[in-house]
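Since the structure comes first, as C-alpha cells, the remarks are kept for the end.
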Amino acid sequence: MIDIIGYILMVIGVLFDIFGCIGLVRFPDVYNRLQAATKCVTLGTVALLVGVALTSGWSPMSAKAVICAVFILITSPTAAHAIAKGAYAGGVELWEKSVVDKYAEEVEK
Amino acid sequence: METFALLIYIGLLACCFLCLYRIGRGPSAPDRTVAIDILGTVIVGFCAVLGLVTGKDFYLNVALAWALLSFIGTIALAKFLEGRSFDD
C-alpha cells in the first residue's frame, strides 16, 4: 500500500518537473521563467524524493532522501529570490506586456 | 518496476534537455543562471530515483552533495549578476 503511494508521488513529481521545464522554455522573460520553473520544479523534486523515501522503507536511503527534500525546500526559493534581485539590479528589462512593477517604486524611495 | 523506472528516466531526461536548450539559447545571463539552478534540482531527483532502482544508497550522498554545491554556485552567480564585488 505504502509502495503505491510512493509510486504515485514519483509520477506526480516527474509530471511537475516536466511542466516546470516547459515553462522555462516557453515563457517570455526572466521573471516569468523564474517563477514558473522554480515553483514547479521545487514541488516536483520534493514529491520525487518523498516518493523515494516512502518506497525504500526504513533504511539510510529514506533518511537521506528526507534530508535532501527538506534542504531543497529551503534553498530553492532562496536561490530564486537571489537571482531575481540580481537580474533586476543588473538591469534586465521586464517583458513589454508586463502590467505592474512594484519593485521599481520600492527602489526609488 | 523496470518499465516504470524507464518512464521516469525518460521524463527527467526530457527536463534536462529542455534546461540545456535554455542554457544554450540565452538570451541573457540571468536566463542561463535560472536554467543551471533548475538543472541542478532535476539532477538531484534523478540521483534519488537511480539510488532507489539500483538499491545502492551512495547515490543519495551524491544527490545531497549536488544540492549543496548547486545552491552555493547559484548564490555566487546571483551575487555576480548584481554587479557588485564579492567583498561587500
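Take the conditions (1) within 9 Å of another protein chain (Cβ to nearest Cβ); (2) modelled with pLDDT of 90 or more; (3) buried (at least 18 other Cβ atoms within 10 Å of the Cβ); A:His81 misses just one of them, which is (3). Would you mind stating whether B:Ala14 is in contact with a Lys or Arg (Cβ under 8 Å, 6 or more places away or on another chain) and either within 19 Å of A:Arg33 (Cα to Cα) or of a type outside the set (Val, Ile, Thr) (or both)? Here the answer is no, as B:Ala14 does not meet what is asked. Scanning segment A:86-103 for residues that are surrounded by fewer than 22 Cβ atoms within 10 Å (Cβ to Cβ), facing chain B (nearest Cβ under 7 Å) and either modelled with pLDDT of 90 or more or out of contact with any Gly (no Cβ under 8 Å at 6 or more places or on another chain) (or both) turns up just one, A:Val92. What residue, of A:Val46, A:Val52, is part of a helix (DSSP H, G or I), at pLDDT 90 or above, in contact with a helix residue (DSSP H, G or I) (Cβ under 8 Å, 6 or more places away or on another chain) and more than 7 Å from chain B (Cβ to nearest Cβ)? That would be A:Val46, the only listed residue that is part of a helix (DSSP H, G or I), at pLDDT 90 or above, in contact with a helix residue (DSSP H, G or I) (Cβ under 8 Å, 6 or more places away or on another chain) and more than 7 Å from chain B (Cβ to nearest Cβ).
Looking at segment A:18-34, is at least one residue at pLDDT 90 or above and small (Gly, Ala, Ser)? Within segment A:18-34 (the criterion being at pLDDT 90 or above and small (Gly, Ala, Ser)), the answer is yes, since at least one residue qualifies. Residue-level analysis places A:Ile4 outside the set of residues that are among the β-branched types (Val, Ile, Thr) and touching a helix residue (DSSP H, G or I) at 6+ places or on another chain (Cβ under 9 Å).
The values are calculated or read from the model by the stated rules, or taken from the named source; none is laboratory data. If you're wondering where the values come from, they're calculated on a predicted model, not measured in any experiment. No Cβ is skipped: glycine too gets one built from the backbone with ideal geometry, and neighbour counts run over all protein chains shown.
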